[in-house]
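The values are calculated or read from the model by the stated rules, or taken from the named source; none is laboratory data. Nothing here was measured: the structure is a model prediction, and the numbers come from that model. A quick note on method: Cβ atoms are made from the backbone with ideal geometry, for glycine too, and the neighbour counts reach across all protein chains shown. Accessible surface is based on the protein model in full, side chains and every heavy atom, while ligands, DNA and RNA are left aside. Shrake-Rupley method; radii C 1.70, N 1.55, O 1.52, S 1.80 Å.
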Amino acid sequence: MYGLERRVFVDIAKQPELVPELNGIKAEMLDLLQVYGGSSGSFDSYASRFIAVIDFLMLQAADDVPPPPALTESRWEVPIALRVLLGAFAAAGKAIPADWALAWAWFHPEVAVRTAATRCTEEFTRLFRLRYHQRFGDGFTVRPGAAKVELSYTTCRSTQ
């Protein structure tokens, strides 16, 4: 993981033409999480945060609106990409698409996601999209708030 962090924070930061490598680095981190996830809470935390940073960097480099973060069982932390994109929709006065609204509700700390939604995520997603489009069409707009999204990251191997 140390080498991947270095590649992202040093090499890619200095050479923007390397940004396409982020997809491969994210895939590798997801593979590592699948193999080693659950065996170490520390690794799970570092890996998940690193993936969130990669998502953020990919979002910054994207020309079009990417898909929202996956609806995961772990809902302890709102993905940075979700916070940034929702803020961008608000700042631009653009309607929030159904999939982004679902992710917003899914990760919102004050929304209780019920068992049926977590057990039957695909069916729940289809029903959410249908009802969202019936009620809001292409989506609804929100006013931008005063708060700014902050991103902080501590590398897996910090040097003092």
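The table below gives the values:
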{"quantity": "Average accessible area per residue (Å²) across the chain - probe 1.4 Å, nucleic acids and ligands excluded", "calculated": "68"}
{"quantity": "The stretch 70-78 - phi-based ³J(HN,Hα) in whole Hz, Karplus 6.51/-1.76/1.60, Gly and Pro as x", "calculated": "5, 7, 9, 5, 7, 10, 6, 10, 6"}
{"quantity": "Two-site label geometry, Gln134 and Arg7: point separation in nm, points 7 Å out along Cα→Cβ", "calculated": "4.7"}
{"quantity": "Phi-based couplings in Hz for the stretch 39-54 (Karplus 6.51, -1.76, 1.60; Gly and Pro marked x)", "calculated": "7, 8, x, 5, 4, 4, 5, 4, 5, 5, 5, 5, 4, 4, 5, 4"}
{"quantity": "222 nm mean residue ellipticity, helices alone, for the chain (DSSP H n ≥ 4; -39,500 (n - 2.57); rounded to 500)", "calculated": "-17000 deg cm²/dmol"}
{"quantity": "Calculated log₁₀ intensity ratio I(q)/I(0) where the Debye formula runs over C-alpha points of the stretch 104-160, q = 0.15, 0.18, 0.25 Å⁻¹", "calculated": "-0.73, -0.87, -1.10"}
{"quantity": "Carbon + sulfur, % of accessible area of the chain - ligands and nucleic acids excluded, 1.4 Å", "calculated": "53"}
{"quantity": "Derived scalar couplings ³J(HN,Hα) [the stretch 104-118; Karplus, 6.51 cos²θ - 1.76 cosθ + 1.60; whole Hz; x for Gly, Pro]", "calculated": "4, 5, 4, 9, 5, x, 9, 9, 8, 7, 7, 4, 4, 5, 7"}
{"quantity": "Label point at Ala95 placed 7 Å out along Cα→Cβ; residues across the stretch 134-151 whose backbone nitrogen lies under 14 Å", "calculated": "134-142"}
